[in-house]
Amino acid sequence: MQQIDFYMVDAFTDTTFGGNAAAVCPLTEWLPDETLLSMTRQHNQSETAFFITTDSGFELRWFTTEGEINLCGHATLATAHVIFEYLNYPEATIHFDTCFVGPLTVTRNGDWLTLDFPASGSEPVEPPQLLLDCLGISECQEVRLGRTYTVLLESQAQVEAINPDFELMRKLDQKVCVTAPAQIEGYDFVSRFFSPKAALNEDPVTGSSHTMLIPYWGEKLGKTQMLARQVSQRGGDIRCQLLGDRVLMSGQATTYLIGKILLRKEILR
């Protein structure tokens, strides 16, 4: 029987049951992808992050219950929280190697952890009728396409009122982000994120979508530093900074659960 440490962490929040929960599993070596996927399905969280220690830092991978994905912000933040808090990591910056987006770093400053991710661009497109239908709206300010569809609405209240038809949304070929200027004092913009085809109707707090939102709102507002709020039911805050072709996303994290996974040896082959 092999024992694997298991952590569940709420990311982009300083409060348990806030932000976005991720499972985190340190490994001594990579297990078969089928095993990683089975573990993720057993955890039944939006993402499980797996990492191994290397000479230069750590290798990091992310899985949903549907399979491996190319980028996940909140699970990266959760992984950094585990490394800093429980693995006696001595430095202020963690270096991650990833398969799809290259090197990523997370830096600790007090209770805040800052992700350094590549920025994502987007281009304006005509709003597909299916997109408007699945959001239950007849018009919007703008639609852009990049990592996802990004739908600009007039107000935070409209973002909060969106009640998607998720069965209809599964027919789209992209995930969907809705965003608007913030009406909360001190905040710059708000958003929500939907990805029913990835086994998650609404993501509570989404770092990957902010790699596109930060350049968009930075240009629109003429700012390089912003404060964002994802207005999901759980909600979460992201301190945002645009640095050329990189974005910095800072958040807090709190541990919910620490345990052990027990895997029989025949599963590991």
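The values are calculated or read from the model by the stated rules, or taken from the named source; none is laboratory data. As the structure is a computational prediction, the values presented were derived from the model and not from experiment. No Cβ is skipped: glycine too gets one built from the backbone with ideal geometry, and neighbour counts run over all protein chains shown. When the accessible area is computed, the model is the full protein with side chains, heavy atoms only, and any ligands, DNA or RNA have been set aside. Shrake-Rupley method; radii C 1.70, N 1.55, O 1.52, S 1.80 Å.
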Report the local net charge at Met1: Lys and Arg +1, Asp and Glu -1, summed over other residues whose C-beta lies under 9 Å from its C-beta.
+2
With +1 at each Lys and Arg Cβ and -1 at each Asp and Glu Cβ, the charge dipole magnitude of segment 72-157 around its Cα centre, to the nearest 20 debye, comes out at 220
Using a probe of 1.4 angstrom, how much of the accessible area of segment 14-75 is carbon and sulfur, in percent?
41
Rolling a 1.4 angstrom probe over the protein heavy atoms, how many square angstrom per residue are accessible across the chain?
46
Taking r as the C-beta separation of Gln3 and Arg170 and R0 as 41 Å, the FRET efficiency to the nearest 0.05 is 0.60
Projecting each Cα onto the charge dipole of the chain (Lys/Arg +1, Asp/Glu -1 at the beta carbon, about the Cα centre), which of Ala119, Ala11, Met1 comes out farthest on the positive side?
Met1
Helix-only CD estimate at 222 nm, as mean residue ellipticity for the chain, using -39500 (n - 2.57) per DSSP H run (n ≥ 4):
-6000 deg cm²/dmol
Difference of contour (0.36 nm per residue) and Cα-Cα distance, Leu257 to Val101:
53.3 nm
Got a number for the accessible area of Thr13? Probe 1.4 Å, square angstrom, nearest 10.
20
Which translational diffusion coefficient, to the nearest whole µm²/s, is obtained for segment 123-244 from the Stokes-Einstein equation, given a Kirkwood hydrodynamic radius over C-alpha pairs, 37 °C and 0.692 mPa s?
229
Residue farthest toward the positive end of the dipole of segment 123-244, with Cβ of Lys/Arg at +1 and Asp/Glu at -1: which of Leu131, Cys177, Thr206?
Thr206
Taking the Cα centre as origin and putting +1 on Lys and Arg beta-carbons and -1 on Asp and Glu beta-carbons, what dipole magnitude results for the chain, to the nearest 20 debye?
320
At most 14 other C-beta atoms within 10 Å and a DSSP loop state: those are the exposed GluC sites (Glu not before Pro) I care about. Give me the longest piece of the chain that has none.
186-269
Within the chain, longest stretch clear of exposed chymotrypsin sites (Phe, Trp or Tyr not before Pro) (DSSP loop, no more than 14 other Cβ within 10 Å)
101-269
For the chain, count all C-alpha to C-alpha pairs, find those more than 32 Å apart, and express that count as a whole percent of the total.
21
With charges only on Cβ, +1 for K and R and -1 for D and E, what is the dipole size of segment 123-244 about its Cα centre, in debye, rounded to 20?
420
